[in-house]
1. Give, rounded to the nearest 20 debye, the magnitude of the charge dipole that the chain has about its Cα centre when Lys and Arg contribute +1 at Cβ and Asp and Glu contribute -1 at Cβ.
2. Putting +1 on Lys and Arg Cβ atoms and -1 on Asp and Glu Cβ atoms, find which of His51, Leu84, Val129 reaches farthest to the positive end of the dipole of segment 40-134.
3. Please rank Tyr77, Tyr112, fewest neighbouring Cβ atoms within 10 Å first, as an exposure proxy.
4. Give, in nm to one decimal, the length gained when the segment between Gln125 and Ser6 is fully stretched (0.36 nm per residue of separation minus the Cα-Cα distance).
5. Taking only the alpha-carbon positions of segment 40-134 and ignoring solvent, what does the Debye formula give for the base-10 log of I(q)/I(0) at q = 0.11 Å⁻¹?
6. Report, in degrees rounded to the nearest 10, the 0 to 90 angle that the Cα long axis of helix 7-38 makes with the longest principal axis of the chain.
7. Under a straight-distance cross-link criterion of Cα-Cα below 23 Å, which lysines are reachable from Lys122, leaving out those fewer than 8 residues away in the same chain?
8. Sticking with the crude label model, points 7 Å out along Cα→Cβ, report the distance from Arg41 to Val57 in nm, one decimal please.
Amino acid sequence: MKVKPSKWFYLLGIALLVAGLIISVIFAINSTLTAMRTGERVQLPGQSTLHLKKKGVYDIVYTVANTGKSVGDASPYKNLNYTLTAADGQTVSVTGQGQPVPVFTVKQTGTYTLRAVYPEGKGAQVTAVILPMTNTQSTG
């Protein structure tokens, strides 16, 4: 004799799957918004001192100054040239220049100087947030 599960069990399974997906999306959005609020803010173009507390990969995310949300179109900032220098004078490579999200990797925690300039000397200004990616390593 074969026992067939009730249709309510199928509906319960689908409901649990949907609820799990919704909770995952809410968690991802909340994590991103928290990171955007806690990341170091810098004005570009310009020079800023960064206090990086984790080793690893960081993103430079362009944001709308009054809302803190990332900009939809990063093309006005594609000509920004970045120089990142550690306190000991070592230069850190910033990759993805001209891309929507420039990236850099630090091997040591500490104080860094970020300099962003337009080759033409003038260009659009923007507020950026320096965000550690999720795979960065805390000190300790």
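1. Values: 13 positive and 5 negative charges, 126 e Å.
So the dipole magnitude of the chain works out to roughly 600 debye.
2. Positive-end residue among those listed: His51.
3. Working: Tyr77 24, Tyr112 21.
Neighbour counts put them in this order, fewest first: Tyr112, Tyr77.
4. On the way: separation 119, 0.36 × 119 = 42.84 nm, distance 6.11 nm.
Full-extension gain reported as 36.7 nm.
5. Scattering profile of segment 40-134, log10 relative to I(0): -0.28.
6. Taking Cα atoms only, the helix is inclined about 10 degrees.
7. Counting by Cα, and skipping residues close in sequence, Lys122 has these lysines nearby: Lys78.
8. 2.7
Since every read-out is calculated from the coordinates, none of them should be taken as a lab result. All figures in this text were calculated on a predicted structure; none of them were measured in a lab. Cβ coordinates were reconstructed from backbone atoms using ideal geometry, including for glycine residues, and neighbour counts include every protein chain displayed.
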